[in-house]
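> Below you will find the structure I want to go over with you.
The values are calculated or read from the model by the stated rules, or taken from the named source; none is laboratory data. On a predicted model such as this, the values are computed, not experimentally measured, just so you know. Neighbour counts are summed over all protein chains in view; Cβ atoms, including those assigned to glycine, are modelled from backbone coordinates with ideal geometry.
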C-alpha cells in the first residue's frame, strides 16, 4: 500500500511535482492560492458577511475584519513599514492578533509572532536577529518590551490597547493607527516562496532560530487541514492554544481563513469556560494538547453542555492516554480524535491519523499527508527498512526554506529540502509513522536503549496524570538510570504506586528507579515546549 493511498477517500485536490527553493522537487497542490493574504481575499469574496472572529461573546464578519485590516495596514505604511520588513507581534489570543497579522501580510511585510510568556532578553534577541523595525504589543506586556538601548533598530512601537500609561515609552495606539488615511485595500505583490512569517523555534538549548514560513508553506499546510480534516466555511474552530505558536497560527487561524470559517478565540484555556463557550458557539473543530482534553474531562462539566457540533478534535505534542480516548468517546460519540504530528519547520502538520481511524491503543501519529514525504534514515543518512527505527527526515512544500540569517543552522538541519527532525521513529509497511523519542532524549542504561516516550506513555495511563516526563540520571556504573517526573493534581502522589504501575507494563530496566511527583506543572519555555534540560539538572541533583 502506498502511503498516500490512505487519503484516497478524502477530497484531496490534484497534485503534481514542482521545483522550488532551488534544489527541491516536491509534491504540490496544482491549484492553490498565491499567498497567505490571497486566502483571506478569497474568503472575503465568498463569505463577506459570515462570522470570521468570535471573542468574549462578540463577533467580526469577514467584511468587518477587512476594514480593520485595511485601517491597520494604512497606519503601518504611513510609518514606513514596507514589503519584506519584519514586524514583531507580542500579542495574546485576541481579535487584534488576526487583524494585525493580516495587515502585515497586506503590506507584503513579514510577521514575527512571539509567545506572550517570552521575557525581555529573548524578545530583544529575536528583534536584533530578525532586524524587526516595529513591534505591536499588548498593554499588559509593556514592561517586557525591550528598551531602545537593547533594540536600536526597533523604530516603531504600537500598543494594541489605548496607549495610556505606556505613552512615555513612545508607543502609538493601535485604535488610533491609520486614522486620517485611506484604508489599504490592495495587497502588495509577493512571490509564493517569499517569507510570510518568522516563527522562532523553542530554543531549549542556545538561542532560538527563526524558521522562515513562506506563503507556499502556509498555503499547503492549510490545504492539508482542509482536505484531510474535511474543513469548510461552516466550521467554527476553537483557538485555545497560543495564536503565536505554529499550531494556533496555522491549524486554526490560517485554516479558517482558507475555508472562510470562524475562529473562536479564547484568551486563556480554562476547561469549564472552554466547554461552555464551545457549546454555545457550536464549535466544530479544534487542535489542542492531550492535557487540555484531560482537563475538559476532569473540570469541564462536559455532561452539562451540548457539544454535539464538535466533530474533529485534533491533538499532538504528546501521547493521548487510551483512558482519555475512551472517556472522550463515551462523552462525545460523534467526535473524531485525530492524532497529528508536525513542527515549526514543517509549518504544522506532517502526518495525521485519517479521521475515522481508531486511535485507541494506537501508538502511531498517522501517515504522511498527501504532499508530505517522510523517510527514516540511519546515522549515515541511509534509508532503513520498514519497522526499523532511525531519524525522521521530512520533505514537502510545507517544509521551510531554512532559518533566518543563519546559514550554518540551515545547512546542519536540512538536506536537499528534507528537514532533520531529530525524532527517532519508524514507518511500518502500511505507512504508519511511530515516534519513539527525541535523539537527545533516548536513555542508555547499561547498554540497553530506553525511549523516554515509551515510559511516558505508560505513566500517562495512570488515572489523574496530566503530565509526565522521563529523563536520564547520571550513574557511574550504568551510565544512566531512569528518573520520572509526574504531575497529577488530585491524583497519584505515591512514588511506589507509580513504579508498581510501570512494573507490570514495562521491561524491568525501563521502570523508573526514581519518581518525583510534582506539585506544579512541568517546566516549559515560552513556546510551551517541555524543558527536559531543567528536569535533567534536577534529577542530577537529587
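> Modelled with pLDDT under 85, in contact with a helix residue (DSSP H, G or I) (Cβ under 9 Å, 6 or more places away or on another chain) and either farther than 26 Å from residue 398 by Cβ or crowded, with 18+ Cβ neighbours inside 10 Å (or both): is that true of residue 320 in this structure?
Yes; evaluated as a whole, the condition is true for this residue.
> Let me ask something else about it. It is to be established whether one or more residues within segment 224-239 are under 22 Å from residue 404 (Cα atoms) and over 16 Å from the mean Cα position of the chain (by Cα).
Scanning segment 224-239, I find no residue that is under 22 Å from residue 404 (Cα atoms) and over 16 Å from the mean Cα position of the chain (by Cα), so the answer is no.
> Given 522, 459, which one is in a loop (DSSP other than H, G, I, E, B) and either under 20 Å from residue 322 (Cα atoms) or in contact (Cβ under 8 Å) with a residue 12 or more places away in the chain (or both)? Lay out the reasoning, then the answer.
Numbers: 459 fails: in a loop (DSSP other than H, G, I, E, B).
Sole residue among the options that is in a loop (DSSP other than H, G, I, E, B) and either under 20 Å from residue 322 (Cα atoms) or in contact (Cβ under 8 Å) with a residue 12 or more places away in the chain (or both): 522.
Listed here are the residues, each with its yes/no results for (1) modelled with pLDDT under 85; (2) farther than 19 Å from residue 436 by Cα; (3) not assigned by TED's automatic domain parsing to the domain that holds residue 201.
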{"residue": "462", "(1), (2), (3)": "no, yes, yes"}
{"residue": "466", "(1), (2), (3)": "no, yes, yes"}
{"residue": "485", "(1), (2), (3)": "no, no, yes"}
{"residue": "500", "(1), (2), (3)": "no, yes, yes"}
{"residue": "515", "(1), (2), (3)": "no, yes, yes"}
{"residue": "522", "(1), (2), (3)": "no, yes, yes"}
{"residue": "525", "(1), (2), (3)": "yes, yes, yes"}
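> Answer yes or no as to whether residue 12 is assigned by TED's automatic domain parsing to the domain that holds residue 200, in contact (Cβ under 8 Å) with a residue 24 or more places away in the chain, under 26 Å from residue 214 (Cβ atoms) and buried (at least 17 other Cβ atoms within 10 Å of the Cβ).
Criteria met by residue 12.
> Condition check: within 23 Å of the chain's Cα centre (by Cα), surrounded by fewer than 21 Cβ atoms within 10 Å (Cβ to Cβ) and either touching a residue at least 40 places away in the same chain (Cβ under 8 Å) or farther than 30 Å from residue 34 by Cβ (or both). Does residue 315 satisfy that?
Judged against the criteria, residue 315 is not a match.
> Here's something else I'd like to know. In segment 462-500, which residues are on the phi > 0 side of the Ramachandran plot and in a strand (DSSP E or B)?
Scanning segment 462-500 gives a single hit, 479.
> Can you find a residue in segment 259-277 that is closer than 25 Å to residue 394 by Cβ and in contact (Cβ under 8 Å) with a residue 24 or more places away in the chain? Before you say what the answer is, go through the steps one by one.
Looking only at segment 259-277, we keep the residues that are closer than 25 Å to residue 394 by Cβ, and these are 259.
Narrowing the set further to residues that are in contact (Cβ under 8 Å) with a residue 24 or more places away in the chain leaves 259.
Scanning segment 259-277, I find at least one residue that is closer than 25 Å to residue 394 by Cβ and in contact (Cβ under 8 Å) with a residue 24 or more places away in the chain, so the answer is yes.
> Right, next: Contact list please: Cβ distance under 8 Å, first residue in segment 164-182 and outside the structural domain of residue 78 (by TED's automatic domain parsing), second residue at pLDDT 90 or above and crowded, with 18+ Cβ neighbours inside 10 Å, pairs at least six apart or on different chains.
none
> Among the residues of segment 74-91, is there at least one that is outside the structural domain of residue 218 (by TED's automatic domain parsing), in contact with a helix residue (DSSP H, G or I) (Cβ under 8 Å, 6 or more places away or on another chain) and either without any contact (Cβ under 8 Å) to a residue 12 or more places away in the chain or closer than 17 Å to residue 256 by Cβ (or both)?
no
> A further question follows. For segment 451-480, give me each residue that is touching a strand residue (DSSP E or B) at 6+ places or on another chain (Cβ under 6 Å) and either surrounded by fewer than 17 Cβ atoms within 10 Å (Cβ to Cβ) or more than 19 Å from residue 531 (Cα to Cα) (or both).
475, 478, 479
> State the number of residues belonging to segment 405-424 that are part of a helix (DSSP H, G or I) and over 23 Å from the mean Cα position of the chain (by Cα).
3
> If residue 412 satisfies every condition in (1) free of Cβ contacts under 8 Å to residues at least 24 places away in the same chain; (2) in contact with a strand residue (DSSP E or B) (Cβ under 6 Å, 6 or more places away or on another chain) but one, which is the exception?
Of the numbered conditions (1) free of Cβ contacts under 8 Å to residues at least 24 places away in the same chain; (2) in contact with a strand residue (DSSP E or B) (Cβ under 6 Å, 6 or more places away or on another chain), the odd one out for residue 412 is (2).
Residue-by-condition table, conditions (1) buried (at least 20 other Cβ atoms within 10 Å of the Cβ); (2) within 22 Å of the chain's Cα centre (by Cα):
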position: 32; (1), (2): no, no
position: 42; (1), (2): no, no
position: 62; (1), (2): yes, no
position: 68; (1), (2): yes, no
position: 78; (1), (2): no, no
position: 84; (1), (2): no, no
position: 89; (1), (2): yes, yes
position: 107; (1), (2): yes, no
position: 120; (1), (2): no, no
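> Looking at the structure I just gave you, is residue 294 within 17 Å of the chain's Cα centre (by Cα) and more than 23 Å from residue 414 (Cβ to Cβ)? Steps first, please.
On the way: within 17 Å of the chain's Cα centre (by Cα): no; more than 23 Å from residue 414 (Cβ to Cβ): yes.
When the stated conditions are applied, residue 294 does not pass them.
> For segment 254-274, enumerate the residues that are farther than 14 Å from residue 51 by Cβ and surrounded by 22 or more Cβ atoms within 10 Å (Cβ to Cβ).
254, 255, 258, 274
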